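The values are calculated or read from the model by the stated rules, or taken from the named source; none is laboratory data. All figures in this text were calculated on a predicted structure; none of them were measured in a lab. Because the Cβ atoms are built from the backbone with ideal geometry, glycine has one as well, and the counts that use them run over all protein chains shown. In case anyone asks, the SASA skips ligands and DNA or RNA and just uses the protein heavy atoms, side chains included. Shrake-Rupley method; radii C 1.70, N 1.55, O 1.52, S 1.80 Å.
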Amino acid sequence: MTNLRPGLIGARVQRLEDPRLLAGRGCYVDDLRRTGALHVAFCRSDESHARILRIDTSEAARAPGVAAVVTAADLEGACRPLRATSRMPSYQATELPVLAGDKVRYAGEPVAAVLAESRYLAEDAAERVAIDYEPLPAATDPEAALAPDAPRLHEDLASNVIVDREFARGDAEAALAGAAVRVSGCFRMGRKTPAAIENRGYLAEYDEGRRRLTLHSCTQVPGIVRDALAELLDLPGHRLRVVAPDVGGGFGAKVSLYREEVLVSILARRLGRPVKWTSDRREDLMSTTQAFDEVVRAELGVDEDGAILGLRAEIVGDVGAYSVYPWTAAVEPVQVASFLSGPYRVPDYRGRVRAAATPKPPTGAYRGVGRPPAVFAMERLLDMAARRLGMDPRDIRRRNLVRDGEFPYRAPSGLVWDRAAFTGCLERACETIGYDELREMQAAARAEGRRIGIGLASYAELTGVGSRIAVAPGMPINTGTESAAIRIDSTGAVTATFGVSSQGQGIETTLAQVVAEELGARLEDVEIVHGDSAALSHGTGTYASRSAIQAGGAAIVCARSLREKVIEAASHLLESAPADIEVTGGAVSVAGTDRRMSFRELARAVYTEMGRLPREVRERVDLEATGVYDPFWGTTSPATHAALVEVDPETFEVEVLRYVVAEDCGRVINPLIADGQVHGGVAQGIGAALFEEMVHDPSGQLLTASFVDYVVPSAAEIPSMEVEHLETSAENNVGGFRGIGEGGTIGAPAAVANAIADALGVEIEELPATPERLFRLIGPGRRAAGARMETGPGGRGRGNRFTANQTNSGGRSESGSGPTRQSK
Amino acid sequence: MKPPPFDYARADSVDEAVSLLAHHRGGAKLLAGGQSLVPMLNFRLLHPALLVDVNRISGLAGIEERNGALRIGALTRHRQIEVSRAVGDHFPVLRTAVRHVAHLAIRNRGTLGGSLAHADPAAELPMMALLLDAKIEISGPNGPRRLEAREFFRSALTTALDDAEMVTGVELPLLPPATGWGFEEVARRAGDFALAAAAATLTLAAGGKVAEARLAIMGAHEFPLRIAAAEARLAGEAPCSGALGAAAKAAREAVEPDDDLHASADLRRHLVEVLARRALESAARRARELAAQVTGGRAP
Ligand SMILES: Cc1cc2nc3c(=O)[nH]c(=O)nc-3n(C[C@H](O)[C@H](O)[C@H](O)COP(=O)(O)OP(=O)(O)OC[C@H]3O[C@@H](n4cnc5c(N)ncnc54)[C@H](O)[C@@H]3O)c2cc1C
C-alpha cells in the first residue's frame, strides 16, 4: 500500500530546538551552577619542548580562595594511563598524561591546575606558580621531525613517526612514466582549528552518598567518554554518568577525550566538591585539537584526452605532540592518503603517508577529516592537468568521474563507492551557476582588467560507516552502530532516546521527524533525548556524518517495532484485525471506520485501565522498544562545489561572488537543515581557503593565540549559497540517507583555490590564499621574496595585538614589549 | 582570561578624573568604552591599580558645530560619529572611515577619546585626526592644553599625553568648499584593524589646479602619517593621474612598516602606494564634481 500522505521525512520543518537555543534558553556546561564548586585555572607551558625542572606551587597555594594546586606528582596512581591504541602496523602509541610530568611537548600543555573559589582567584593564583624549564631542541617542521636524528619528542618511542602506511594499486610509477602530461605540486593547507562558538567546558560532581560521579561535558561523544573514564578510573557504568547538555558546536574537536575532562573527574571525586573548568578562547586556540596540517607532495599523470592514468603522493602529517583518544593521531593523515583519488577512476595509485609527532597541539578529527587536504590536492592537480592540455576544468572532470554503470567502484585504497550522483552533481552545479555564461562573462571582465575566476571541486566521502569498516583501525571502541529506545508513556507522550548527541546540527528535529513518521505520531508528541550516557546501555555520539544514518536508522528500526506493539494493542482495543489498524497523527484507527483512539487513550488503556487488554497481551505489549542499527558498510556522499571569485590584482583581496553546491545526501530528511549543514561547512571551508591558519614560529610558539590573529571569517566574508540536493536512493541503509555534515568543508577549500588559480592564471598550492601569499605569487612581492612562502610571514612586529607572548601594554606611553612568561 | 584585581572609581567630572589619575601616578587608567582596555586587562597585559570610569561625566560626549569647526567630545561613541548629520555634511571622509572601525557592537561602546589615547597604529580615528588637522583638547593637573594632531601621536600605542592627562575632545576645522575626499582600506575581514589604509582630501582652486591636498596613511608605520612630500608635490598641479601616482609613490617612500603575521613590510609598502593612489583619485574625482556643482557647469 503506498502512503499518499505527505510525510514528515523530507518536510521543511523549522528546527524544534531553535526557540530554546536562539532565545538564550539553552543550557550549556558553563551555565550549570553548583554551590561549593571549585574553579580550575591551568598553568600551561610556555615552552614547546622542555624538561620541567621544578614546579613551585607554595605561593599559589597560599593565595586567597585557593583550595588546591595540583601537578602531575599529585596525580600519580589516580588513573590508568591514557593511550590511544590501534592495530595498525607501524603505529606507535603515545601516552597522554593528565598533566605534563617531567616534560612538556607543546606550548599550551597543562602543567599545573589551580582550584579556587572562583575563576578570577584561580587565575590570580596561577600567576604565582613558578615553573622552571630546561628548553630542549624541537623539530617543529614535520618533514624535519621524520629524520632519524631529529630531536625525539617521546623518549619511549623509536622515532617521531607515529604511523607509516602505504596504499597502492597497480604500478603508479609506470603509469606516470607513460603519461602524456604529468603535473605535480606540494600542497599545503594551514593548520586549522574548528573554533566552535562554545569553548570546551567540563563540570564534574561526585555524590559521596551514592559514590556516583557525573561529568557534564561539552563532548560530542558522551558514550565514548563514559566508557573511557570507566576504564581509567575503574568505575562501573552505573556509577559514572557523562552528560552532554546543550553544546555549542563541535565540528570534530569535541570527539576526543581531553585531559581536562579526566582531571576534573579525578579531582571532584578526590575533593568531594564539584570541579568546573571552562576554557577561554586563548586556551581553546592552544589546546583544542587542530587539523588539516599535511604536506601533500603529489603527482598526477593523464593521457592526451585528460583521462587519469596514475597518481602518487607522499603525505606527511604534522600531527602534534600526542595521539588523541580514541582516534589516534593517524586519523587525519591516513584519510588524506585513502581518499586522495577522489570520485575518479584512478587505475594506478601509490600513496605513502607518515604522521610526524611535533611539539604542537595534538591534531584530531575536524569536519572533513583528511578529505579537505586530499580534495584540495587532487582538484588542483586536475585543473593543472586541464590547463596543460588546454581543456576545460569541467571536461576533465566529466572524463574521469566514476560513471553510473561503474558502481560499486573500488577506489585504489580499497574504499568502495556505492552508486550516487557523481556526474549528476557536476552537471547540476555547473547548470546552477551558469557555467557557460560565466566563462563568457569572465572573458569580458578580463578585457576590462578584472580578474574573475570559476572553480570546481568534486569529491566523494564515505559516511555512516558501519561496523564492517569501523573495525579496521582496531580502536577499542565500536563506531559502527547506534542504538535507540522509544517509549510511549502512560500519558501517551513519545520519548525517543539516542546515543548520539547534538552540537546544534538540528538532530532533535530530524530524529523527531523520522520517529514521528515511522511511528505514526505527531511531531509535537515526540521528545528526543540525547547526550546522556545513562540513558542507554551503549552509544558513542555524533561525528563522521553518521547521525542521520546510524541514529536515523536506529529510529526507524525501533519505531517500527514499537509500531507493531501499538498495532497489537490497538487491534485488541478496537477489536479489529491488525492489518486493518492504521497508526497516523498520534492516533490508531480502523481503516474505513470511525473507530479511533489517540495515543493518550491507548496508553491509558494499556497501562492504567486494567481489564481492557488480556493479561498475556498486557505483559507483552509494553509500548516500548529498543533497537540497534548497523549500516555495516557505509554510504557514499558525493558533491560538486562551484565558486565564482574576484581577485583585486592590486590589493590581493579575494571576494567570493557566488557559491553553488550540488550534493547527493540520499533521502533528505529536512531540506532546511540539510541546507544549513552545507552552509556552515562551506563557511568553514572558505575560512580554510582564505583566512584561517594556526601559525607557530620555528621554536613552536603559537603566534595566533587570539581571534585577532587567528582569522575566522564573519558573515560579511561569506556569500549566500545556492544548494542543490540530488537524492539518489541509498539502498544500503534502511532510511536511504547519506551523510551531509562534513561535505561543505571538504569541497570549499579546493573550489575557492581553483577559482583563484583560474582568475590569476597561477597555480595555488598553499592555503589560505591570504593577501600576503597572493602578493608573493603574482605581485611585486614575487621579486621581493621568491615565488612562494612556506608559512605566513611569521614576523612578530607590532600589530599582533594579543599574541600569547606579547605584552604591549598600550594606553598612554608604556611601549615596553617583550616576552612574558606565565611563570618565571 | 579574567582581569587581575583592580579598584574602580567613577569620576563625575573631568577634574575628578584628572585628580584621580594624578593621585595614582601611572597606576590608574581611564575606562571609556573599554573596547581596547578590557581585552588587555583580560589578557593580563595591564595591571592597573585603579580604573577611573569616565562614562558618566556629563558634557564629555557630543558633536557640535562652532566657530568654523566641528567639536567632538572625547566620550562620543564611534556610532554617534557614524550617524551624525553634521559629520556626514562636513566630513563624509570621517563618516566613511568610522564605518571601518570594528563592528557595530563595538562602535556602540568605543569612544573617540579612547581611540586617540590608545593610538593603535592601524586605527582609523587617529588617522582622521591627522588628516583633518584636529586640535586635540587635553586636561591635566595643570589645566587644559591643546595639541595639534601631528604632535600627539608619538609611536605605536604612545601619545604625548602625560600620565595624569586625559583627552576631552577634538576640534576639526571645516574644510574649504570644493574639497573632495577619498578613503581606502584593506583589512583581512570587515571590521578588522587595517593592514593599511589611506585617506585624502583635495581642494581645487578656480583653474582646476590643486589648492590643497592632504594625504594620510596608517597601518604601515608606527603611527599614522601625513605625507608632506606628496602634499607638496600636488599643490598647484593639475590632479592628473601622473601627479597622483607620483604622490602615491611618495607615500610609499615615507612609510617604514614592520612585518607581522598578516602582512610583510613589503606588502604594506605596496598597499600604501595602491591605496594612496586610489584615495587621491577618488578625492580628485569628487573635487571635480563639487567644483562643477559650484560653477554650475562641467567638471574642469
Ligand atoms: C574586535 C575589535 C575590533 C576593533 N577594530 C577596530 C578597528 O578596526 N579600528 C579601530 O580604530 N579600532 C578598533 N577597535 C578598537 C575600538 O575602536 C576601541 O573602541 C578604541 O580603540 C578605544 O576606545 P574605547 O573608548 O573603547 O577606550 P578604552 O578601551 O576604554 O580605553 C583605551 C585606552 O585609552 C585610554 N583612554 C580612554 N579614554 C581616554 C581619554 N578620554 N583620555 C585619555 N585616555 C583615555 C584608556 O585608559 C586606555 O588606555 C576594535 C576593538 C575590538 C574589540
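Can you tell me which condition B:Ala22 does not meet? The list is (1) surrounded by 17 or more Cβ atoms within 10 Å (Cβ to Cβ); (2) within 14 Å of another protein chain (Cβ to nearest Cβ); (3) part of a helix (DSSP H, G or I), and all the others hold.
Among (1) surrounded by 17 or more Cβ atoms within 10 Å (Cβ to Cβ); (2) within 14 Å of another protein chain (Cβ to nearest Cβ); (3) part of a helix (DSSP H, G or I), the lone unmet condition for B:Ala22 is (1).
Give the residue that is nearest to the ligand (Cβ to nearest atom), with candidates limited to residues of the stretch B:120-134 that are more than 10 Å from every other protein chain (Cβ to nearest Cβ) and charged (D, E, K, R).
Once the filter is applied, the top-ranked residue is B:Glu124.
Is it the case that some residue within the stretch B:135-147 is within 14 Å of chain A (Cβ to nearest Cβ), more than 10 Å from the ligand (Cβ to nearest atom) and either closer than 24 Å to B:Pro177 by Cα or open to solvent by 60 Å² or more (accessible area, probe 1.4 Å) (or both)?
No, every residue in the stretch B:135-147 fails to be within 14 Å of chain A (Cβ to nearest Cβ), more than 10 Å from the ligand (Cβ to nearest atom) and either closer than 24 Å to B:Pro177 by Cα or open to solvent by 60 Å² or more (accessible area, probe 1.4 Å) (or both).
Taking the condition open to solvent by less than 20 Å² (accessible area, probe 1.4 Å) and within 13 Å of another protein chain (Cβ to nearest Cβ), does B:Pro39 pass?
On the way: open to solvent by less than 20 Å² (accessible area, probe 1.4 Å): no; within 13 Å of another protein chain (Cβ to nearest Cβ): yes.
Against the criterion (open to solvent by less than 20 Å² (accessible area, probe 1.4 Å) and within 13 Å of another protein chain (Cβ to nearest Cβ)), B:Pro39 does not qualify.
Check the stretch A:502-520 and report whether any residue there is polar (S, T, N, Q) and in contact with a strand residue (DSSP E or B) (Cβ under 6 Å, 6 or more places away or on another chain).
No: zero hits.
Scan the stretch B:1-19 for residues that are more than 25 Å from the chain's Cα centre (by Cα) and open to solvent by less than 40 Å² (accessible area, probe 1.4 Å) and report the count.
4
Would you confirm whether or not the stretch A:556-575 contains a residue that is assigned to a loop (DSSP other than H, G, I, E, B), touching a helix residue (DSSP H, G or I) at 6+ places or on another chain (Cβ under 6 Å) and free of Cβ contacts under 8 Å to residues at least 40 places away in the same chain?
Within the stretch A:556-575, the subset assigned to a loop (DSSP other than H, G, I, E, B) is A:574-575.
This time we only want the ones that are touching a helix residue (DSSP H, G or I) at 6+ places or on another chain (Cβ under 6 Å), so: none.
So far as the stretch A:556-575 goes, no, none of its residues is assigned to a loop (DSSP other than H, G, I, E, B), touching a helix residue (DSSP H, G or I) at 6+ places or on another chain (Cβ under 6 Å) and free of Cβ contacts under 8 Å to residues at least 40 places away in the same chain.
If I ask for residues that are assigned to a loop (DSSP other than H, G, I, E, B) and more than 9 Å from the ligand (Cβ to nearest atom), which ones from the stretch B:64-119 would you list?
The answer is B:Asn67, B:Gly68, B:Thr76, B:Ser84, B:Phe91.
So if I check each of A:Ala60, A:Ala73, which one is open to solvent by 20 Å² or more (accessible area, probe 1.4 Å), small (Gly, Ala, Ser) and not in a loop (DSSP other than H, G, I, E, B)?
Numbers: A:Ala60 fails: open to solvent by 20 Å² or more (accessible area, probe 1.4 Å).
After ruling out the rest, the residue left standing is A:Ala73.
Kindly provide the set of residues from the stretch B:87-120 that are hydroxyl-bearing (Ser, Thr, Tyr) and in contact with a Gly (Cβ under 8 Å, 6 or more places away or on another chain), ordered by number.
Scanning the stretch B:87-120 gives a single hit, B:Thr111.
Checking the structure you have, find out if any residue of the stretch A:119-139 is under 30 Å from A:His39 (Cβ atoms), of a type in the set (Lys, Arg) and open to solvent by less than 60 Å² (accessible area, probe 1.4 Å).
Checked against the condition, which is being under 30 Å from A:His39 (Cβ atoms), of a type in the set (Lys, Arg) and open to solvent by less than 60 Å² (accessible area, probe 1.4 Å), the stretch A:119-139 yields at least one hit.
Do we find that B:Arg150 is closer than 30 Å to A:Asp648 by Cβ, more than 10 Å from the ligand (Cβ to nearest atom) and at pLDDT 95 or above in this structure?
no
So if I check each of A:Arg618, A:Arg612, A:Arg604, A:Arg667, which one is assigned by TED's automatic domain parsing to the domain that holds A:Arg773 and open to solvent by 10 Å² or more (accessible area, probe 1.4 Å)?
Only one candidate passes the filter, namely A:Arg667.
Where residues in the stretch B:152-166 are within 9 Å of another protein chain (Cβ to nearest Cβ) and not aliphatic (A, V, I, L, M), which of them is surrounded by the most Cβ atoms within 10 Å (Cβ to Cβ)?
Selected residue: B:Thr159.
Can you run down the residue pairs with Cβ atoms below 6 Å, 6 or more apart or on separate chains, where the first is in the stretch B:102-129 and not assigned by TED's automatic domain parsing to the domain that holds B:Ala194 and open to solvent by less than 10 Å² (accessible area, probe 1.4 Å) and the partner is at pLDDT below 95 and more than 6 Å from the ligand (Cβ to nearest atom)?
B:Ala119/B:Leu157
Restrict the check to the stretch B:256-276 and report whether at least one residue is open to solvent by 10 Å² or more (accessible area, probe 1.4 Å), in contact with a Leu (Cβ under 9 Å, 6 or more places away or on another chain) and assigned to a helix (DSSP H, G or I).
Yes: the stretch B:256-276 contains one or more residues that are open to solvent by 10 Å² or more (accessible area, probe 1.4 Å), in contact with a Leu (Cβ under 9 Å, 6 or more places away or on another chain) and assigned to a helix (DSSP H, G or I).
Just name the residue that is nearest to the ligand (Cβ to nearest atom) out of those in the stretch B:46-63 that are within 14 Å of chain A (Cβ to nearest Cβ) and buried (at least 19 other Cβ atoms within 10 Å of the Cβ).
Checked the stretch B:46-63; the qualifying residue nearest to the ligand (Cβ to nearest atom) is B:Val54.
Out of the strands (runs of 3 or more DSSP E) lying entirely within the stretch A:608-681, which hold 2 or more residues that are closer than 30 Å to A:Phe422 by Cβ and within 34 Å of the chain's Cα centre (by Cα)?
In the stretch A:608-681, the matching strands (runs of 3 or more DSSP E) lie at A:635-647, A:654-663.
Within the stretch A:679-699, is even one residue open to solvent by less than 10 Å² (accessible area, probe 1.4 Å) and at pLDDT below 95?
Among the residues of the stretch A:679-699, not one is open to solvent by less than 10 Å² (accessible area, probe 1.4 Å) and at pLDDT below 95, which makes the answer no.
Consider the stretch A:267-285. How many of its residues are more than 30 Å from A:Glu208 (Cα to Cα) and buried (at least 24 other Cβ atoms within 10 Å of the Cβ)?
Looking only at that region, the number is 1.
State whether the residues of the stretch A:220-236 include one that is part of a strand (DSSP E or B), outside the structural domain of A:Asp383 (by TED's automatic domain parsing) and either touching a residue at least 40 places away in the same chain (Cβ under 8 Å) or open to solvent by 10 Å² or more (accessible area, probe 1.4 Å) (or both).
No, there is no match, as no residue in the stretch A:220-236 is part of a strand (DSSP E or B), outside the structural domain of A:Asp383 (by TED's automatic domain parsing) and either touching a residue at least 40 places away in the same chain (Cβ under 8 Å) or open to solvent by 10 Å² or more (accessible area, probe 1.4 Å) (or both).
Among the candidates A:Gly474, A:Gly480, A:Gly466, single out the residue that is at pLDDT below 95 and surrounded by fewer than 19 Cβ atoms within 10 Å (Cβ to Cβ).
A:Gly474
Please go through the stretch A:241-274 and give me each residue that is of a type in the set (A, V, I, L, M, F, W, C), within 13 Å of A:Glu205 (Cβ to Cβ) and in contact with a Ser or Thr (Cβ under 8 Å, 6 or more places away or on another chain), ordered by number.
A:Val242, A:Val243
Has the stretch A:161-173 got any residue that is outside any strand (DSSP E or B) and closer than 30 Å to A:His49 by Cα?
no
Looking at B:Ala211, B:Ala164, can you tell me which residue is of a type in the set (A, V, I, L, M), more than 19 Å from B:Leu132 (Cβ to Cβ) and either modelled with pLDDT of 95 or more or within 12 Å of the ligand (Cβ to nearest atom) (or both)? Let's see the steps before the verdict.
Numbers: B:Ala211 fails: more than 19 Å from B:Leu132 (Cβ to Cβ).
Matching residue, one of B:Ala211, B:Ala164: B:Ala164.
What's the number of the only condition in (1) open to solvent by 20 Å² or more (accessible area, probe 1.4 Å); (2) in a helix (DSSP H, G or I) that B:Ala247 fails to meet?
Looking at each condition in turn, B:Ala247 falls short on (1).
Could you list, in sequence order, the residues of the stretch A:707-725 that are surrounded by 20 or more Cβ atoms within 10 Å (Cβ to Cβ) and either part of a loop (DSSP other than H, G, I, E, B) or within 16 Å of the ligand (Cβ to nearest atom) (or both)?
Residues satisfying the conditions are A:Asp709, A:Tyr710, A:Val711, A:Pro713.
Please find, among A:Ala444, A:Ala496, A:Ala457, the residue that is at pLDDT 95 or above, over 30 Å from A:Ala625 (Cα atoms) and in a strand (DSSP E or B).
The conditions single out A:Ala457.
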